[in-house]
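These notes are about the structure you will find just below.
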Amino acid sequence: MAGKLDFEVLVDRYYAPLFRFALSLTRKESDARDLTQQTFWLWARKGHQLHDPAKVKSWLFTTLHREFLQGQRRSTRFPHHELEEVPEELPNVPSTLVNDLDGGIILECLGRIDPIFQAPLALFYLEDHSYQEIADVLGIPLGTVKSRIARGIAQLQHVVLRREKRSRS
Amino acid sequence: MTRREAQEILLSCRPGRERADDPQVAAALELARTDPELREWYEQHRAWDAAVRKGLNSIPVPPDLRWEILAGPKVIKGPAHWWNRRAIVIAAAAAIAFLITLAVVLLKPDRTPNTFAEFRTDVIGTVLRNYGMQLETNNMEQIRAFLDSRGAPADYAVPRGLQQLRIAGCGVLNSQGKTVSMLCFEDTDNRQVWMFFAKAATWQDRPTGEPRVERVISCATASWLEGDSLYVIASETSESSLRKLL
């Protein structure tokens, strides 16, 4: 799997979604570039240990996420009382607002939701990861993946609506 | 099934690709077909899903990134004797870390915690982010003995609702100088439910004998006191589902 041709094929297939996933976690292009490069570098060194080609995608996303978390652990502590609660009522996002959504706005809003939800949501929307793949990448049970996706979407919608309200006022 | 419950189920599915063989999903879809308000919400949700998916997947990727990756070992690995530089960097970082730690210890004001709210956020945050059971077993007696042997409180009584779930294991946490027993259960959706048990402190905001249901981080929680015993139950589920576990 780790031959030159395979490596190039793999890069062509996954570097864009991996970069987008990294950007959704870090929201800094330079950090996302580093994470993506680091992931492929680790693949070049350790990819031969993976015997099941079907698991390459999960391996790459898991590795990127783990590298991100390691960086986070070095630089942040768990915040108290800074997390946004998910209201019981789900918002209605008007279609005009939905039509205006672009990658930049979504990334900005994704960065404002609870970090617990960011990675599951990014994986949910990027690359059509299955729930099992998301569970494997994040190392959490399947039921938790579903809960986090549902609550993450609700929180993201609230953030998008608030952003819109602010930009109008 | 209520409208809110149906929304919660549909939110965690990919619109248009829901697993109709899942009875809960099928029931939610049926409700979305027959309930006009839910149908309207579901149509909006489909549009939202498509827009977010399209937006995220069209974020531009730096044009030179592919080349940089393919040139990766040259770019990232550094010079041949990188380990010499790395050793120096590690030694310097260790020295700086030591000085910072010393400064923090010496200069830190005497901060006595603490509130019950902080305690609760801390233990839930710990299991959400660095989750790991020290003992994995389905045997409650083994769990009780393990916790007791680790000096963690083990004279808890599992609420009747929670007794219906499968016990998966336990661990011992420490928060605000307090040893906390953590029991992990799994519900029928493979969702984890944690029960934290500690001896109560004199927090002003401590719960009362009546379970207090609140949302903390991504979890619904219920907290209450029984004598000097403090219970917190938490799970990434809805408040109504959590109430059924009490």
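From the square roots a ≥ b ≥ c of the eigenvalues of the alpha-carbon gyration tensor of region B:116-243, which class results: rounded (a/c under 1.5), prolate (a/b over b/c), or oblate?
Numbers: a/c = 1.38, a/b = 1.07, b/c = 1.28.
Rounded, since a/c falls under 1.5.
Taken along the Cα-to-beta-carbon direction at a fixed 7 Å, the label points for B:Val213 and B:Lys199 span 3.2 nm. Partner shielding of A:17-29 amounts to 2, given as the average count of beta-carbon atoms from other chains within 10 Å of each residue beta-carbon.
The modelled label-to-label distance for the pair A:Leu50/B:Arg46, using points 7 Å beyond Cα in the direction of Cβ, is 3.5 nm.
Quick one, could you list the DSSP H helices from chain B stretching 24 Å or more along their long axis (Cα atoms) with average Kyte-Doolittle hydropathy of 1.6 or above? The qualifying helices are B:82-107. Adding -39500 (n - 2.57) for every DSSP H run of four residues or longer, then dividing by how many residues chain A holds, sets the calculated 222 nm ellipticity at -23500 deg cm²/dmol. Each helix, a run of at least 4 DSSP H residues, gives -39500 (n - 2.57); summed and divided by the residues of chain B, these come to -14000 deg cm²/dmol at 222 nm. Once each of the GluC sites (Glu not before Pro) sitting in a DSSP loop with at most 15 other beta-carbon atoms within 10 Å is removed, chain A keeps A:1-81 as its longest stretch.
The relative contact order of chain A, computed from alpha carbon pairs under 8 Å that lie at least 6 residues apart in sequence, is 26 percent. Averaged over peptide A:116-123, the number of partner chain Cβ atoms lying within 10 Å of each residue's Cβ comes to 2.
Peptide B:63-69 has a mean of 6 when you count, residue by residue, the C-beta atoms of other protein chains within 10 Å of its C-beta. Rolling a 1.4 angstrom probe over the protein assembly as shown with all protein chains present gives an accessible area of which 53% lies on carbon and sulfur atoms. When only alpha carbons are used to place a centre, region A:1-71 and region A:90-169 end up 22 Å from one another.
Note on exposure: A:Lys28, B:Lys178 ranked by accessible area (1.4 Å probe, complete protein assembly) read A:Lys28, B:Lys178, with the most exposed listed first. The contact between chain A and chain B removes approximately 5500 Å² from the accessible area (both sides summed; 1.4 Å probe; ligands, DNA and RNA excluded).
Grab the beta carbon distance between B:Ala103 and B:Thr137, set R0 = 41 Å, and tell me the FRET efficiency rounded to 0.05. For R0 = 41 Å, the calculated efficiency reads 0.40.
Going by accessible surface with a 1.4 Å probe and the largest first, A:His158, B:His45 read A:His158, B:His45. Note on B:Ser229 and B:Ala27: with the Förster distance fixed at 41 Å, the Cβ-Cβ geometry gives a FRET efficiency of about 0.60. The shape of chain B comes out oblate: with a ≥ b ≥ c from the C-alpha gyration tensor, a/c is at least 1.5 while a/b does not beat b/c. Once the Cα atoms are used to define both axes, helix A:29-46 deviates from the longest principal axis of chain A by about 30 degrees.
The values are calculated or read from the model by the stated rules, or taken from the named source; none is laboratory data. Given the structure is predicted, the values throughout are model-derived calculations rather than measurements. Counting neighbours? That spans all protein chains shown, and the Cβs are built from the backbone with ideal geometry, glycine included. Each accessible area value is taken on the protein alone, full model and side chains, heavy atoms only, with ligands, DNA and RNA left out. Shrake-Rupley method; radii C 1.70, N 1.55, O 1.52, S 1.80 Å.
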